[in-house]
Structure formats: C-alpha cells, structure tokens
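A short worksheet on the structure shown next.
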DNA sequence: CTCCTAAAACTAACGCTGTCAGGTTTCACG
DNA sequence: CGTGAAACCTGACAGCGTTAGTTTTAGGAG
C-alpha cells in the first residue's frame, strides 16, 4: 500500500528508533533493514527520509551532541571546562555504542563546531592564549572520547582466574567488573581533575587570566 | 590448483597484508575478499589460517600493542608513565585506521594485559596506592585512545570559509589543516604534561613515593 | 470538481560482505 | 605404498546498503 493516508515515517521517529537499536544491539547490530522492520516499513522507504545510512547516523550523533553544555564558561574557565567535560562525557556514556562512529565522524557537525567555538572563546576570554586554548579543547576531547570509547573496565573479562594466574599486579582486577561503571566514572573524574590542576598550575606560573 | 607445493599463505603474511590494506583503505575498506585478492588467493583460503575476520583483526591489533614500551618504570613512575604513553600513542598513530577496532576490542589481548600489569606494578612500586594506580592507568589510556581516535585536527574540513563565517572563535582553525599532525602531537604532549603535573602535585601533597 | 504533480510507500534487484560445504590435489607419515 | 590431513579451489547462502521502477494517495491549480 504505497503512499499511506498519514505518513508512517518521520526523521525524528527514524532517529529515535535508530538510537534504540544501537543502544540495544550495538553499532554492528544496526542495519537499515532492521530499522525498517522496527518501524513496520520496507527498507527503501527509509531512503526517502535519509539519503544514506551515514547521514542518518550523523544526524543521530548531532542530536547527542546537542545535549552537551558549554554555558558555564561565564563562571570562569575552570568551571566552564569541568562542566563541558562532564556533560560531554555524560552524553556519550548514555549511548556508548555509537561513540566509535561519533568520535570518528567529521568535524562538520554543526553541534560539535558550535560547542568547540564556545569552548575556545570561553578559554580565550579567560586569558588563555589562543594556541593553548586549542590544545586544551583538544586535550579535553581526548579525555572524554577516550573514556567513552574503550571504557577501561568494560574491557575486562568475567573469568577472574585469567588475571590472577598470569598478571599478578592486576590481582584485584576482578573487582573491576563489579564496580565497572563506578571505576570508569572515578577514573574519568580523576583524569579530569589532574588535568585541570595541571592547567591551573601552568596558568598561575606564567600569565594570570583576567578575572 | 589446490594444495600447492609450498604454502601460499602464512598467518604473519596475512596479518601484514591486512594491516597494509587497512592503512591504505581504512577499516571499512578492508574485506576478506580484498585481502585474499591481494595475496593472490581465494577468500575462503584465509579461513584455513584464521577462523574469523574478527580474530584476524584481533591478532593484528595484538601485534601493534607489542610495540608499546613499558620498560621505563624502573627509572621512576614519571618516566615510566611518559614513556608508556608516548610509545602507546606512537604505536596507534602509525596505524590510525585500526584504532576504532583496537580500542573497542576486549581486554583479553595478552599484549594489552601484560602491559597493563606492568604499568600497574610500576606505579604501585613507586608508591602509588593500588586504587590510584588503576585510575592513572585508565586515565592515560583514555588520553592515548582519545588522541588516536578523533584526532582533533583531522576532524576539520578543507573549506576554510565554513569556519570563518559561522564560528568566529575558531577563526584560525584553517591553520589546523596545514599543521594537523603537529597540532595533534602538541596537544597530546600538552595533555600528558598537564596530567602528569597534576599527578606530581597530588603525590607530593600527600604520600610521597619511596624513591 | 477535476487534473496533475509530487510524496511516500512498495517490490525486485545489484553488487558487496563474512562465512560454510564440498571437491581436489599434494605432502608427510606409518 | 597407501592413507589422512593440509591447503587450496569453486559455489553458495544470508544479509548488507542502495537504486530502479511501480503504485497509490494528498494537496494544490484551473
């Protein structure tokens, strides 16, 4: 039955179904045909609303990036940076399966660029030289993406004995599984704190920012 | 002509051809059929030597991890950590296309675990509490993987005007393309320095390590 | 109210993918 | 000298992203 009375599909609906599948089945478990089936529609119907799978994923990624908050730079570079990094990480942690795509994607995504712009502007306004602001932005992104990607603790395996036998220094690695999420969150927070502390030390030892 | 006098394939040969293709054509541009063609062989022949594409990539990833150096912890945790992080990053930067796979892969890879073990051991031996050692290891991995993944500068686009018009604070982003590699290297080095500085400050402010 | 175009779905199909089954030749060993 | 495993082959299957062509309906123009 072609051309139904009321449209079966919408871009927003497609995106949300996409994210649902990716969250559940992983990036590799997502296919246009599966998506179409979930929406009660034939696969080619999707191509009326999205020209390509890549474009669709790009849009979904953009939607996720929209949740990243860069508004806190008005309270100081430290607050702005911390708030940005945390909301960035939180946004990715909510949908870890799409991170490999999202992180690789081109820097053309408007949502990403607007935020990069805001971060850079916030840092420069706080007294950081442009070159350093660029590197701070990049470094923070490294941290967030790295944390969202490998997710250190998820990389471990359930079988405890594997570790105990062969890697003595990882003796308590078996605890990682239990508190996997907590370890990840703590490690990220730890890395972020160390990084920002290092930044603060550098800033105070040379050019102080105009408050 | 089945069963040739001298074998056409070897695991090492397959791995090196795999890496060559991935370096040239990207992870998505790699297929078993293309690999087989490059080796002058039919695709199913590969399955005699590797049970699965995933297993093959896993092995290639392991080979890359073998190049990571964790021997410098004998010279102190700082030296060890820096040397580890740098050689880790260098190993990934040599084959950026495989990073998304490598970073996601399970923590079962022996090469990875041996190194994680050495890092953890080195940090603890230098006086870091076990819990902190875990987080330092994770943090450093975040940094390395994040840097190798998104590769901040590669995310930008050639068309300068895109940025100038719409993202004023990214005004000199057009320079990123030219010095892309340098920016990435500098940013990673910057992040690493800030992080280690932060670590040093934390260590000195509480429990000093036994030298 | 009718006609026409464009929208939004359909089925069929192409070339690609990872992988399996079954066949064929050659090597290594008892 | 025979036999079984090793190492290749061709052919095939299901699933992938995507295109072509068809069909029905909605919405606007005369």
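The values are calculated or read from the model by the stated rules, or taken from the named source; none is laboratory data. Just so it is clear, the model here is predicted, and its values are computed rather than measured. In this analysis, Cβ positions are derived from the backbone assuming ideal geometry, glycine residues included, and neighbour counts consider all displayed protein chains.
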> Among the residues of region B:43-52, how many are farther than 15 Å from residue B:13 by Cα and within 6 Å of DNA strand C (Cβ to nearest atom)?
Replying inline: 2
> Of the residues that make up region A:23-31, is at least one within 7 Å of DNA strand D (Cβ to nearest atom) and surrounded by 13 or more Cβ atoms within 10 Å (Cβ to Cβ)?
Replying inline: yes
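Let's see how each residue does on (1) surrounded by fewer than 24 Cβ atoms within 10 Å (Cβ to Cβ); (2) touching a helix residue (DSSP H, G or I) at 6+ places or on another chain (Cβ under 6 Å); (3) under 29 Å from residue B:102 (Cα atoms); (4) modelled with pLDDT of 65 or more:
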site: B:134; (1), (2), (3), (4): no, no, yes, yes
site: B:139; (1), (2), (3), (4): no, yes, yes, yes
site: B:163; (1), (2), (3), (4): yes, yes, no, no
site: B:169; (1), (2), (3), (4): yes, yes, no, yes
site: B:172; (1), (2), (3), (4): yes, no, no, no
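Residue-by-condition table, conditions (1) modelled with pLDDT under 95; (2) more than 8 Å from chain A (Cβ to nearest Cβ):
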position: B:80; (1), (2): no, yes
position: B:85; (1), (2): no, yes
position: B:103; (1), (2): yes, no
position: B:114; (1), (2): yes, no
position: B:143; (1), (2): no, no
>> Given the criteria near DNA strand C (Cβ under 10 Å from one of its atoms) and within 14 Å of chain A (Cβ to nearest Cβ), does residue B:34 qualify?
In response: no
> For residue A:194, all conditions in the list (1) more than 7 Å from chain B (Cβ to nearest Cβ); (2) surrounded by fewer than 24 Cβ atoms within 10 Å (Cβ to Cβ); (3) modelled with pLDDT of 85 or more hold save one; what is the number of the exception?
Replying inline: (1)
> Of the residues that make up region A:48-58, is at least one more than 11 Å from DNA strand D (Cβ to nearest atom), within 23 Å of the chain's Cα centre (by Cα), within 17 Å of residue A:95 (Cα to Cα) and assigned to a helix (DSSP H, G or I)?
Replying inline: yes
> How about region B:28-62: which of its residues are in contact (Cβ under 8 Å) with a residue 40 or more places away in the chain and more than 30 Å from residue B:2 (Cα to Cα)?
Replying inline: B:61, B:62
